[in-house]
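Following: one structure in structure tokens, then a few remarks.
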Amino acid sequence: MSITRRTFLKDAGLLIGLLGLQPVALAEVAEALELLATGRAPVLWLQGQACSGCSVSLLNSESPSPADLLTRYLSLYFHQTLAAATGVAAQGCLEQALKEERRILVVEGAVPAGMPHACMLGEESFNDLLLRSARGAQAVVNVGSCACFGGIPGGEENQTGAVGVSSFLKGKKVQTPQFSLPGCPVHPAWIVGTLMQLVRGGSLPTDELGRPRAFYGGLLHDQCPFFAKYQVQEFARHPGDKGCLFKLGCQGPITHADCSLRGWNGGVNWCVRAGGVCVGCARPEFAQHKNYPFYRFNEGETEGSSS
Ligand code: SF4
Ligand code: SF4
């Protein structure tokens, strides 16, 4: 598909809004899009212990649209779920991607460190393939809480010894730069924004867990529309009540993510605005413990709790 400079600039304008960049970055972002579109920034996407929810989330991207993202910008050399090829042909694509020196490796899902045969691609364990793919890559981008911290597959008493990618690669002494984008699922803007920044060579400051500060720098609680209610302690006591949802178990005060600013589904809504608590899906501790109620009710105020 031929793309004009004008299209690059138009989409770059959309991305600048997404990334919160200054308009002066327009030309650079357009150039990054051109690099992606011409296949000079190949993306290899591997899935370990995952539900594919983060891939589905990527397909909900607004700017660029899913069609633009897949057909114009991401040189997706390999993706287990989206690939049309299967069997030997798919493995050929994978090996081709591994020859690309500027490849960006995106990983979705946890690593079954204690049971490698739990996740196989052909005759090779996901663990070995991950090592081969990460070594020599330009960067590793861990998408979703499973890839970042183990997530649901890494919950207490899991049988596969599931861990996050960073922890696994650190144990194997892989030095490739890594970025972690937790969330269950990850927000499409966090993936697209990170890939664009990597391709354009822009700075992407991260915290000690490798999370880009542009997306995870603040507590979503601080920008919540109910923050004023929290301060004066006007709390909802039952689902559907008006007021701050803290007493129902909202984890906004301890969750670093920009959901309350960015919104989901094109900014239309997000968990708290929709009447649900923030369950802290972007936290490292998400789903790590057996008794992990999403909602909490104060004793004597309701008949029970659900998870
Ligand atoms: S609803 Fe949650 S995020 Fe919003 S102010 Fe209350 S505790 Fe904070
Ligand atoms: S508001 Fe909380 S639970 Fe909802 S997507 Fe954001 S971090 Fe996850």
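Observations on the model:
- Extreme residue, modelled with the lowest pLDDT, among residues of region 251-268 that are more than 18 Å from the chain's Cα centre (by Cα) and farther than 14 Å from Phe226 by Cβ: Val268
The rows are residues; the columns are (1) in a loop (DSSP other than H, G, I, E, B); (2) in contact (Cβ under 8 Å) with a residue 24 or more places away in the chain.
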| site | (1), (2) |
| --- | --- |
| Leu209 | yes, yes |
| His221 | no, yes |
| Ala228 | no, no |
| His238 | yes, yes |
| Asp241 | yes, no |
| Pro253 | no, yes |
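- Residues in region 89-144 that are hydroxyl-bearing (Ser, Thr, Tyr) and out of contact with any Leu (no Cβ under 7 Å at 6 or more places or on another chain): Ser125 only.
- Qualifying residue in region 153-175 (condition: touching an Asp or Glu at 6+ places or on another chain (Cβ under 9 Å), under 27 Å from Tyr292 (Cβ atoms) and not assigned by TED's automatic domain parsing to the domain that holds Ala257): no
- Selection count where residues are in a loop (DSSP other than H, G, I, E, B) and at pLDDT 90 or above, scope region 177-207: 9
- Odd one out for Gly249, checked against (1) under 18 Å from Ser57 (Cβ atoms); (2) near ligand 1 (Cβ under 10 Å from one of its atoms): (1)
- Some residue of region 196-215 being outside the structural domain of Ser61 (by TED's automatic domain parsing), polar (S, T, N, Q) and either surrounded by fewer than 17 Cβ atoms within 10 Å (Cβ to Cβ) or within 13 Å of ligand 1 (Cβ to nearest atom) (or both): no
The values are calculated or read from the model by the stated rules, or taken from the named source; none is laboratory data. The structure presented is a predicted model; accordingly, all values stated were derived computationally and were not measured. Cβ: placed from backbone, ideal geometry, glycine included. Neighbour counts: every protein chain shown.
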